[in-house]
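See below for the structure under consideration.
Nothing in this text is a laboratory measurement; each read-out follows from the coordinates by a stated rule. If you're wondering where the values come from, they're calculated on a predicted model, not measured in any experiment. In this analysis, Cβ positions are derived from the backbone assuming ideal geometry, glycine residues included, and neighbour counts consider all displayed protein chains.
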Amino acid sequence: MSDVRHNWTSEEIQEIYNKPLLALALEAGNVHRKYHTMGEVQVSSLLSIKTGGCTEDCGYCSQAARYNTGLEVQSLMKLEDVVARAEKAKEGGASRFCMGAAWREVRNNRDFDRVIDMVRAVNGLNMEVCCTLGMLTEEQAKKLADAGLYAYNHNIDTSEEHYGDVITTRNFQDRLDTISNVRKAGMTVCSGGIIGLGETDNDRVEMLRTLANMPVHPESVPINALVPVKGTPMESNRRVSFDEMVRMVATARIVMPKSAVRLSAGRMEMNLAEQSMCFLAGANSIFAGDTLLTTPNPDFKSDMEMFQILGLTPKAAYADAHHHPHEHKVLENESC
Ligand code: SAM
Ligand code: DTB
Ligand code: SF4
């Protein structure tokens with residue numbers, strides 16, 4: 001029987017999550033070996049193309065206009081600057097380029113047209129293009145897909161129950177609706193969450209259950225540890241410890257065996273040994289580059305040193321493209 005299931009119960013996931021840490025990591029590592037090439041890690045680079053001034057009240061976010069985080073607001077970047085950054089990321093070893101905008105939702109205006117041009121241009125560099133722009137209608141998702149967008153990131157962040165304690169300006173269902181619009185447009189889905197938002201273990205389990213019981217698992221599942229940002233309501237939250245990160249990564253790996261599990265925000269606080277354990281427990285993707293959207297991240301050079309020590313190799317772009325509707329376009333590009 002295939003291990004890829006979409007009918008997980010809370011009890012089953014709880015039991016996995018609560019296993020002794022090493023037993024959990026070992027089990028996840030075995031699932032990982034069965035479905036993935038050990039040691040191959042997808043490297044994504046992130047760029048904030050529009051920074052700050054966001055109308056939402058996400059309690060963790062440096063970019064929400066209502067919190068005094070000292071962040072400099074920046075309007076949408078120019079096309080050529082974005083392309084230059086994508087080229088640099090590619091040189092650094094990234095196969096995926098993710099562009100983030102501090103928007104509540106996409107509006108049909110000239111800024112969106114410019115983002116469409118960015119997607120087209122980065123796709124032309126033969127990188128997997130990803131965007132995270134807030135809520136999308138089905139029509140907007142189709143436009144992005146037609147421009148060659150490979151993946152759309154839209155995190156559910158936490159459990160449905162805890163959601164209202166973190167964000168009040170939209171609800172959990174809004175997130176699920178956008179994810180479903182992304183699916184309908186035929187793009188791959190990148191969706192995960194954050195730990196360290198004051199949630200319980202049960203909230204973590206429920207968050208993973210929502211993702212794992214989607215009709216198709218998100219192809220990428222970012223697991224973020226809260227980066228506490230001064231000025232936000234969560235600035236003094238207790239820091240997530242490494243074993244909590246291992247538990248989340250390992251449980252995500254077991255309940256979504258084929259997905260890429262991304263060890264996302266929070267790596268600045270983890271040393272090499274701690275990150276290694278996450279890779280052993282099923283993490284096979286990272287964000288690389290010295291800045292995430294607005295907060296620090298290990299730079300390319302130090303990550304490549306880590307890759308060398310651990311014997312990891314960056315995964316090539318479109319390695320899973322046979323799952324992707326833009327395959328033909330991609331193959332044409334590759335043969336030029
Ligand atoms: N505005 C869009 C949205 O919210 O979907 C896209 C950008 S938003 C910054 C992307 C994701 O980054 C959020 O959904 C959240 O999961 C993550 N994130 C934001 N701030 C974070 C922080 N301080 N620590 C960890 N993850 C964070
Ligand atoms: C995701 O899950 N993590 C990334 C990406 N998707 C867009 C964002 C992390 C942001 C961390 C806080 C910051 O740098 O502002
Ligand atoms: Fe805005 Fe996204 Fe930050 Fe929420 S997470 S405040 S929607 S930029």
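Running a GNM on the chain with Cα contacts under 10 Å, which residue among Ala319, Ala101, Ala283 ends up with the highest mean-square fluctuation?
Ala319
Send over the per residue convex hull volume for the stretch 122-219, Cα only, as a whole number of Å³. Before the final figure, lay out the partial values.
On the way: hull volume 9.4 nm³, N = 98.
Hull volume over Cα atoms, normalised by residue count, gives 96 Å³.
For the chain, what is the percent of antiparallel DSSP beta bridges, rounded to the nearest 5?
Once the DSSP bridges in the chain are tallied, antiparallel ones form about 5 percent.
Over the Cα atoms of the stretch 6-127, how large are the radius of gyration and the largest Cα-Cα distance (Dmax), in Å?
Over the stretch 6-127's Cα set, Rg and Dmax evaluate to 19.9, 53 Å.
For the residue pair Arg5 and Arg110, what label-to-label distance in nm results when each label sits 7 Å from Cα along the Cα-to-beta-carbon direction?
Roughly 5.4 nm, to one decimal.
With runs of 4+ DSSP H residues as the only contributors, calculate the mean residue ellipticity of the chain at 222 nm using -39,500 (n - 2.57) per run, divided by the residue total and rounded to the nearest 500.
When only DSSP H runs of four or more count, the value is -12000 deg cm²/dmol.
Mean-square fluctuation check for the chain, GNM, Cα pairs under 10 Å: which of Thr158, Thr168, Thr137 is largest?
Highest fluctuation among the options: Thr168.
List Arg204, Arg175 from most exposed to least, where exposure is judged by having the fewest other Cβ atoms within 10 Å.
Going from sparsest to densest Cβ surroundings: Arg175, Arg204.
Rounded to the nearest 20 debye, what is the charge dipole size of the chain about its Cα centre when +1 sits on each Lys and Arg Cβ and -1 on each Asp and Glu Cβ?
Working: 35 positive and 45 negative charges, 84 e Å.
Dipole magnitude for the chain comes out near 400 debye.
Which links in Lys50/Lys184; Lys50/Lys301; Lys184/Lys301; Lys142/Lys301 stretch past 30 Å when you go from one Cα to the other?
Numbers: Lys50/Lys184 26 Å; Lys50/Lys301 26 Å; Lys184/Lys301 38 Å; Lys142/Lys301 37 Å.
Pairs exceeding the cut-off: Lys184/Lys301; Lys142/Lys301.
So for the stretch 45-186, what are the equivalent ellipsoid semi-axes in whole Å, largest first, each being the square root of 5 times an eigenvalue of the Cα gyration tensor? Can you show the working numbers first?
On the way: eigenvalues 121, 69, 37 Å².
Working through the eigenvalues yields semi-axes of 25, 19, 14 Å.
Leaving out same-chain residues fewer than 8 places away, which aspartates and glutamates sit with a Cα under 18 Å from that of Lys19?
Straight-line reach from Lys19, under 18 Å: Glu11, Glu27, Asp201, Asp203, Glu206, Asp243, Glu244.
Aspartates and glutamates near Lys143 by alpha-carbon distance under 18 Å, same-chain residues fewer than 8 away left out - which ones?
Excluding near neighbours in sequence, the set is Glu105, Asp111, Asp113, Asp117, Glu128, Asp177, Glu327.
Most exposed first by the Cβ proxy, i.e. fewest other Cβ within 10 Å, how do Val205, Val73 rank?
With the sparsest Cβ surroundings first, the list reads Val73, Val205.
Could you put Leu272, Leu280 in order, starting from the residue whose Cβ has the fewest other Cβ atoms within 10 Å?
In order of increasing Cβ crowding within 10 Å: Leu272, Leu280.
Could you identify which residue out of Gln14, Gln63, Gln308 has the top mean-square fluctuation in a GNM of the chain using Cα springs shorter than 10 Å?
Greatest mean-square fluctuation among the candidates belongs to Gln308.
With the calculation restricted to Cα positions, what are the radius of gyration and Dmax of the stretch 33-74 in angstrom?
Values for the stretch 33-74 (Cα only, Rg and Dmax): 17.0, 47 Å.
Once phi is turned into ³J(HN,Hα) by the Karplus curve 6.51 cos²θ - 1.76 cosθ + 1.60 with θ = phi - 60°, what whole-Hz value does each residue of the stretch 202-213 show in order, with x for glycine and proline?
Calculated HN-Hα couplings, in order: 4, 4, 5, 4, 5, 4, 5, 5, 4, 5, 6, 9 Hz.
Between Ala260 and residues 5 or more places away or on another chain, which pairs have amide H atoms under 5 Å apart, with H built 1.01 Å from N, and which residues are they?
Amide H to amide H, under 5 Å and 5 or more residues apart or across chains, Ala260 pairs with Ser220, Val221.
Considering the convex hull of the alpha carbon atoms of the chain, report its projected area averaged over all viewing directions, in nm², one decimal. Kindly include the intermediate steps, with their values, before the conclusion.
Working: hull surface 62.7 nm².
Across all orientations, the chain yields a mean hull projection of 15.7 nm².
Mind listing the phi-derived Karplus ³J(HN,Hα) values for the stretch 292-301, rounded to whole Hz, using 6.51, -1.76 and 1.60 with θ = phi - 60°, and x for any glycine or proline?
Whole-Hz 3J(HN,Hα) from phi for the stretch 292-301: 6, 9, 10, 10, x, 8, x, 7, 3, 4.
Separation between the Val73 and Ser180 pseudo-spin-labels, each 7 Å from Cα along Cα→Cβ, expressed in nm?
Each label point is offset 7 Å from its Cα along the Cβ direction, giving 3.4 nm.
Assuming R0 = 22 Å, what is the FRET efficiency of Thr291 and Arg66, from their Cβ-Cβ distance, to the nearest 0.05?
Efficiency computed from Cβ-Cβ geometry: 0.45.
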